[in-house]
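Laboratory data are not the source of any read-out in this text; all were calculated from the coordinates shown. Note that the coordinates shown come from a computational prediction; the quantities given were computed from them, not determined experimentally. Cβ sites come from the backbone with ideal geometry, for glycine too, and all protein chains shown count toward neighbours.
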Amino acid sequence: MYDRRSFTVLTNLESPLFSYVSTPKDSPKKEVRRSQWVGSRLKKVTVYQATDLFCILEVGLKWYSFQVERYLDSSGKVCLDWKLLGVKEVTKEQRAGTAPMTLFKATSRYSFLWRDEATELVIDRSSGISNPILAGTPITSFIEAQDIYQELSRYIASLKDIEIVDSRTDVEKAESAGFDRKTSFRNIK
């Protein structure tokens, strides 16, 4: 059973990820000229940059990575543009949260590969929000409720799985598979 007693409604938070209240750090998008690969050529391109915020939603054994562009539009209102960066399967050892579903703030580390600009996100474990209520957030437009339900039920069911550790030596494993150490073809002289 999924315990939701210690939940947090994300739309009630004063986090820059969800709040439309203007802060002193908010600004309009800035026009920036930078080099970018267009086809097979490196060209100067004008792009408009906003403040980039990152977060990761951990649902069971999956991480959903998001990028949020926060900026002021021409009338001075705060705009939040959400983008799903990717989905990653993780193991129980890689999980960052203690609850079945946790939202974390993240920071980005850029790595420049050949012609690709890859973003690696680093989780801020101290910022975890356990059991978030996603209703009313843009996250629900990227991930269907059925998918979240399936991931949660799969994870909760896996908590009762007993891991079987094989403590036999290589010789014992070979003998149990039917190989004989004395009359093996490797021992023929």
>> Mean-square fluctuation check for the chain, GNM, Cα pairs under 10 Å: which of 83, 43, 30 is largest?
In response: 43
>> Quick check: the angle from helix 145-158's long axis to the longest principal axis of the chain, C-alpha only, nearest 10 degrees?
In response: 30 degrees
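Over the Cα atoms of the range 6-165, compute the convex hull volume and normalise it per residue, giving Å³.
Dividing the Cα hull volume of the range 6-165 by its residue count gives 159 Å³.
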> Hey, fewest Cβ within 10 Å first, where do 52, 81 land in order?
Replying inline: 81, 52
> Tell me, what is the percent relative contact order of the chain, built from C-alpha pairs under 8 Å that lie six or more residues apart?
Replying inline: 20 percent
> Can you give the calculated 222 nm mean residue ellipticity of the chain, where each DSSP H run of n ≥ 4 adds -39,500 (n - 2.57) and the sum is split over every residue, rounded to the nearest 500 deg cm²/dmol?
Replying inline: -3500 deg cm²/dmol
> So which lysines pass the test for residue 30, namely a Cα distance under 22 Å, with those fewer than 8 places away in the same chain ruled out?
Replying inline: 43, 44, 77, 83
> Looking only at 53, 121, 13, which one moves most when the chain is put into a Gaussian network model with springs between Cα atoms under 10 Å?
Replying inline: 13
